[in-house]
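Inspection log for the structure reproduced underneath, given as structure tokens.
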Amino acid sequence: ANDLMGYVIGYLGLSKKCIVLDLDNTLWGGVVGEDGFNGIKLGLDPPGNTYLEFQRVLLSLYQRGIILAINSKNNYDDALKVIKEQPYMILREEHFASMKINWGDKVSNMKEIVNELNIGSDSIVFFDDDPVNREYMKLNLPQILTVDLPKDSSQYAQILKKLNEFNILNITTEDIKRGKMYVDQRKRDT
């Protein structure tokens, strides 16, 4: 039934277009503001390898035309340093169409992302390790698919792979270029 739903979603054009991601304990292990640049977990050894695998799956979706964005409560400079310089970081600044890295609330940031990207809230999937942030998002923007992540990061990649919401029947050249087009727009706007 799950496989069949993937075809139905693709056929009816109900696929999601964008994944919005938290950073700490979602794209990498640890909290960069507390653990520092060298203290985050991302690499070949556990648990860093689980975040590496999650990023690989995200990159494969980006290469199929899924838009990636960041919504993180963090110090912008600390987070950007990890994105730009951490040697095992697969997703770099050029993969994100929008980056809301600040101390604002995540619902307000999400509304800005929706406006910036000019897409419907119902076309977004949100990944955040923090159950409080997930619940806040579900209550305030229920049209966004907020994924319940377990504490065990080794399951993140499998959860993402099992989501039918990204199924499409044909991948066009425009789909493949979509992520880059949004990133280019972000660069022009800044």
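The values are calculated or read from the model by the stated rules, or taken from the named source; none is laboratory data. All of these numbers come straight from a predicted model, not from anything done at the bench. The protein model used for the area step is the full one, side chains on, heavy atoms only, and it has no ligands, DNA or RNA in it. Shrake-Rupley method; radii C 1.70, N 1.55, O 1.52, S 1.80 Å.
Using a probe of 1.4 Å on the protein chains alone, the accessible area found for Asp130 is around 50 Å². Under 5 Å from the amide H of Asn75 lies no amide H of any residue 5 or more positions distant or on a separate chain, with H modelled from the backbone and absent for Pro and chain starts. Bridging of Lys17 to lysines at a Cα separation below 17 Å is possible for Lys111, Lys161, Lys162, Lys177, Lys180, once same-chain residues fewer than 8 apart are set aside. Karplus-based coupling profile of the stretch 88-103, in residue order and whole Hz: 9, 5, 7, 8, 10, 3, 6, 8, 9, 6, 8, 9, 9, 10, 7, 9, with θ = phi - 60° in 6.51 cos²θ - 1.76 cosθ + 1.60 and x standing for Gly or Pro. Here the contact order of the stretch 43-149, divided by its residue count and restricted to Cα pairs under 8 Å and six or more residues apart, works out to 22 percent.
Counting only protein heavy atoms and a 1.4 Å probe, the stretch 76-121 has 47 square angstrom of accessible area per residue.
A 1.4 Å probe, protein heavy atoms only, puts the accessible area of Met99 near 30 Å². Over the stretch 55-151, the ratio between the Cα radius of gyration and 2.2 N^0.38 Å evaluates to 1.06. 3J(HN,Hα) along the stretch 135-141: 5, 4, 5, 4, 6, 9, 9 Hz, from the Karplus curve 6.51 cos²θ - 1.76 cosθ + 1.60 with θ = phi - 60°, whole Hz, x for Gly and Pro. Taking all protein chains into account, the per residue accessible area for the stretch 9-69 stands at 40 Å² (1.4 Å probe).
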